[in-house]
1. Can you work out ³J(HN,Hα) from phi for every residue in the stretch 50-60, in order, using Karplus 6.51 cos²θ - 1.76 cosθ + 1.60 and θ = phi - 60°, giving whole Hz and x for Gly and Pro?
2. Simple spin-label model, 7 Å along Cα-to-Cβ: residue 56 to residue 39 in nm?
3. Taking 0.36 nm per residue of sequence separation and subtracting the Cα-Cα distance, how much length would be gained by fully extending the chain between residue 18 and residue 134, in nm to one decimal?
4. Quick one: what are the phi-derived ³J(HN,Hα) couplings along the stretch 39-49, Karplus 6.51/-1.76/1.60 with θ = phi - 60°, whole Hz, x for glycine and proline?
5. At a Förster radius of 30 Å, what calculated FRET efficiency corresponds to the Cβ-Cβ distance of residue 11 and residue 75, to the nearest 0.05?
6. What distance in nm lies between label points placed 7 Å from Cα along the C-beta direction at residue 25 and residue 63?
7. Give the long-range amide H neighbours of residue 130: residues separated by 5 or more places, or on another chain, with amide H under 5 Å away, using H modelled in the peptide plane at 1.01 Å from N.
Amino acid sequence: MAFTDPLYTANMTPHQRAWFYAEYEQASRDEVVGVLLALFLGSFGIHHFYLRRNGLGILYLLFCWTGIPAILGFIEAFFMPGRVRAYNAEQAAYISSQIIQGTNPQYMQTVQPNFPCPACGGAVSPGAGFCPHCGTVLVARS
């Protein structure tokens, strides 16, 4: 899914912009998948789990035997494109803020594979963008 809004990448270097697009590609959701999940699996709340709205997903699972979530899932299928766009915009804003705020040029020069994260001390794998333990933004040198 291509993301072309320059609002989130306006103040980034080309390296940061490439990093943003790579992270966004992992985090973004597809509108068609959201609509299909709401239509066919809406009675189980799968479309809510897809957008990380786990509380509503669990509620739909608890009441799936009543048939009410099936009706709601059909109705929500019409609202899913807007919800997916809002979710993707939230993800883009979060990723952009983490990249812009978390980049430290001095740290970029000292990070090497398998060195500890500066925040939590966990192992940093080669080319990692985020610490797998605490989620701190990392910039590993190539």
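1. 4, 9, 6, 9, 5, x, 5, x, 5, 4, 5
2. Result for the modelled spin labels: 1.9 nm.
3. 39.5 nm
4. Once rounded to whole Hz, the list reads 5, 9, 10, x, 5, 9, x, 4, 5, 6, 4.
5. The value I calculate is 0.15.
6. Distance between the two pseudo-spin positions: 4.0 nm.
7. 138
Rule-based calculations on the coordinates, nothing more; no lab input. In this text, all values refer to a predicted model and were calculated from it rather than measured experimentally. Neighbour counts are summed over all protein chains in view; Cβ atoms, including those assigned to glycine, are modelled from backbone coordinates with ideal geometry.
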